[in-house]
Amino acid sequence: MAIRDLLWACPLCGLEGGLRRTGRWEACRGCGARFRRGRGASIIAQAADGTTRIHAAAEWADRLPGIEEYMSRLEPRTPDGVLRQSRVRARVAVGESVIRLGSTYLNRIERFGPPRDGVLALYGDRLRFAPDAGEAEEWTFDEITAVQPSSSTLQVKARRRPVVSFRFPEDSARFWEELLCAVIRRHYRATGRGEIIEFQPRIVTR
Amino acid sequence: MTLYRFAQAIVKGLWPLVGRLEVRGLENIPETGPFLLVANHQSILDPILIQAVCPRAIHTMAKSTQFASPVFAWLMPRLLSFPVRRFEIDAQAVRYALRKLQEGEPVGIYVEGERSWDGRLQPPRLGAVRLVLKAGVPVVPVTIVGAYEAWPRWHRALRRTTIRITFGKPVSFPKLDRRAERETALPEAADRLMAAITAAME
């Protein structure tokens, strides 16, 4: 959890994924502005020239483009069509545990395997995780059944495959969730599968 | 239940060291019988504080990952939380909630499904509204204000501030057994539910 989860781009210069933690502050690699939590849930921004501004978190978030506006100018960043990529720590569910209260069965929960670091890439029709060691995995949008944020992670569930959780040490989990949902929505429209009305607990179209 | 009441006493006793807590509308909580407590979700503090001040012990639906560590897998059920897997239709979580209601006990859910990133009220998760229509018990809307300022989702630290919890007057929703009926009633029920929560935000 970090200010960069809320502010996926610098609200002063617009650089995406530019905020990096430096002690008490998170600093923009583009313009050098620094951000930290102020009173309550306000955020203090100190520009490179020393000017200080304080706004509520929601006001700072409003300075970033909405996801639809962002999508309208989204272009592939690499020749093979990557729309966005980030370093992630991925964990795949490897089994289930039973939760009980005394003898009463409450439910099953997923049990995650060891973390694997690598790069998560978003394409127009799929997600691809390339670990630093081992084989890459892909999830096409046609097999993804749910997209679910959880704390500062993004969980993705695909048909007949275990749920996978991605943590973003250098990027915004919130923005990844919004962007992934928007790109899946666009894919569904383009392939005539209808308008998605919910992503959890499963993708449902109108 | 013993641990639940002990935790309630600890939170109520120690919270004044952390911040101010204003509680309104306790008279709106039914003294007996089942009800659904439906709240907004601003912070990790919400379930702790709502359960601490509510005189009835609430069975609260919580995301399954909160039960991941052995300590929490033991502790959470004793604080009357039960897990829900949010990335698939979790029939067992719904069954358990309905069973508790049938036994005459209250069940708590967070209608937005996750904490707000920017402090604003988010749209309701339709699964939560479906549960309301399936249960057909009174709904006590709960509005928590100030918890975001105390501990927003994007920060690690708790800050001293005033948090206000308002228990609204119970709202009735029809019990709709047929899925088609529930789906038809969904938009209006969602609007009523969110209006009831929003009413206490000012």
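The values are calculated or read from the model by the stated rules, or taken from the named source; none is laboratory data. Worth saying up front: this structure is predicted, and the values here are computed from it rather than measured. Glycine gets a Cβ as well: all are built from the backbone with ideal geometry, and neighbour counts include every protein chain shown. Just so you know, the surface numbers come from the protein's heavy atoms only, side chains and all, with ligands and any DNA or RNA stripped out. Shrake-Rupley method; radii C 1.70, N 1.55, O 1.52, S 1.80 Å.
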Check: Within region B:76-87, can one find any residue that is free of Cβ contacts under 8 Å to residues at least 24 places away in the same chain, within 11 Å of chain A (Cβ to nearest Cβ) and open to solvent by 30 Å² or more (accessible area, probe 1.4 Å)?
Finding: no
Next item on the list: Report, by residue number, each residue of region B:30-58 that is open to solvent by less than 10 Å² (accessible area, probe 1.4 Å), closer than 24 Å to B:Thr2 by Cβ and not hydrophobic (A, V, I, L, M, F, W, C).
Entry: B:Asp46
Next item on the list: Considering each residue of region B:118-131, count those that are among the basic types (Lys, Arg) and facing chain A (nearest Cβ under 8 Å), and give that number.
Entry: 2
Notebook entry, point to check: Within region A:109-125, is there a residue that is surrounded by fewer than 17 Cβ atoms within 10 Å (Cβ to Cβ), touching a residue at least 12 places away in the same chain (Cβ under 8 Å), within 11 Å of another protein chain (Cβ to nearest Cβ) and under 26 Å from B:Ala68 (Cα atoms)?
Noted result: yes
Next item on the list: Could you run through region A:152-175 and say how many residues are touching a residue at least 40 places away in the same chain (Cβ under 8 Å), within 11 Å of the chain's Cα centre (by Cα) and within 22 Å of B:Tyr110 (Cβ to Cβ)?
Entry: 4
Check: Looking at region A:15-23, is at least one residue without any contact (Cβ under 8 Å) to a residue 12 or more places away in the chain, facing chain B (nearest Cβ under 10 Å) and open to solvent by 10 Å² or more (accessible area, probe 1.4 Å)?
Finding: no
Check: Which residues, counting only those in region A:195-206, are open to solvent by 30 Å² or more (accessible area, probe 1.4 Å) and either part of a helix (DSSP H, G or I) or over 16 Å from B:Asp90 (Cβ atoms) (or both)?
Finding: A:Glu195, A:Ile197, A:Thr205, A:Arg206
Next item on the list: Could you check, for region A:39-51, whether at least one of its residues is open to solvent by 30 Å² or more (accessible area, probe 1.4 Å) and β-branched (Val, Ile, Thr)?
Entry: yes
Next item on the list: With respect to A:Pro131, determine if the residue is within 11 Å of chain B (Cβ to nearest Cβ) and open to solvent by 10 Å² or more (accessible area, probe 1.4 Å).
Entry: no
Next item on the list: Taking B:Pro141 as meeting all but one of (1) in contact with a Pro (Cβ under 8 Å, 6 or more places away or on another chain); (2) surrounded by 22 or more Cβ atoms within 10 Å (Cβ to Cβ), write down the number of the exception.
Entry: (1)
Next item on the list: Inspect all residues belonging to region B:60-69 and state whether any of them is farther than 22 Å from A:Ser165 by Cβ and touching a Gly at 6+ places or on another chain (Cβ under 7 Å).
Entry: yes
Notebook entry, point to check: Taking region B:161-202 as the search range and keeping residues that are among the charged types (D, E, K, R) and touching a Gly at 6+ places or on another chain (Cβ under 7 Å), which one is surrounded by the fewest Cβ atoms within 10 Å (Cβ to Cβ)?
Noted result: B:Lys175
Next item on the list: Scan region B:1-29 residue by residue and report those that are open to solvent by 30 Å² or more (accessible area, probe 1.4 Å) and either assigned to a loop (DSSP other than H, G, I, E, B) or within 18 Å of B:Thr198 (Cα to Cα) (or both).
Entry: B:Met1, B:Glu22, B:Val23, B:Arg24, B:Leu26
Check: surrounded by 14 or more Cβ atoms within 10 Å (Cβ to Cβ), assigned to a loop (DSSP other than H, G, I, E, B) and among the basic types (Lys, Arg), is that true of A:Arg89?
Finding: no
Next item on the list: Inspect region A:54-62 for any residue being among the hydrophobic types (A, V, I, L, M, F, W, C), modelled with pLDDT of 95 or more and open to solvent by 60 Å² or more (accessible area, probe 1.4 Å) and give the result as yes or no.
Entry: yes
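Each row is one residue, and each column tells you yes or no for (1) farther than 17 Å from B:Leu49 by Cα; (2) more than 16 Å from the chain's Cα centre (by Cα).
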| residue | (1), (2) |
| --- | --- |
| B:Arg99 | yes, yes |
| B:Gln102 | yes, yes |
| B:Val107 | no, no |
| B:Arg115 | no, no |
| B:Arg125 | yes, no |
| B:Ala128 | yes, no |
| B:Thr143 | no, no |
| B:Trp151 | no, yes |
| B:Thr162 | no, yes |
Next item on the list: Just name the residue that is nearest to the other protein chains (Cβ to nearest Cβ) out of those in region B:88-109 that are of a type in the set (Gly, Ala, Ser) and surrounded by fewer than 20 Cβ atoms within 10 Å (Cβ to Cβ).
Entry: B:Ala91
Item checked: Condition met for B:Arg115 (open to solvent by 30 Å² or more (accessible area, probe 1.4 Å), of a type outside the set (A, V, I, L, M, F, W, C) and either facing chain A (nearest Cβ under 10 Å) or closer than 22 Å to B:Phe82 by Cβ (or both)) -> yes
Note to self: open to solvent by 10 Å² or more (accessible area, probe 1.4 Å) and closer than 24 Å to A:Thr78 by Cα: is that true of A:Tyr105 in this structure?
What the structure shows: no
Next item on the list: Kindly provide the set of residues from region A:145-194 that are at pLDDT 95 or above, in a strand (DSSP E or B) and not β-branched (Val, Ile, Thr), ordered by number.
Entry: A:Ala146, A:Leu154, A:Gln155, A:Lys157, A:Ala158, A:Ser165, A:Phe166, A:Arg167
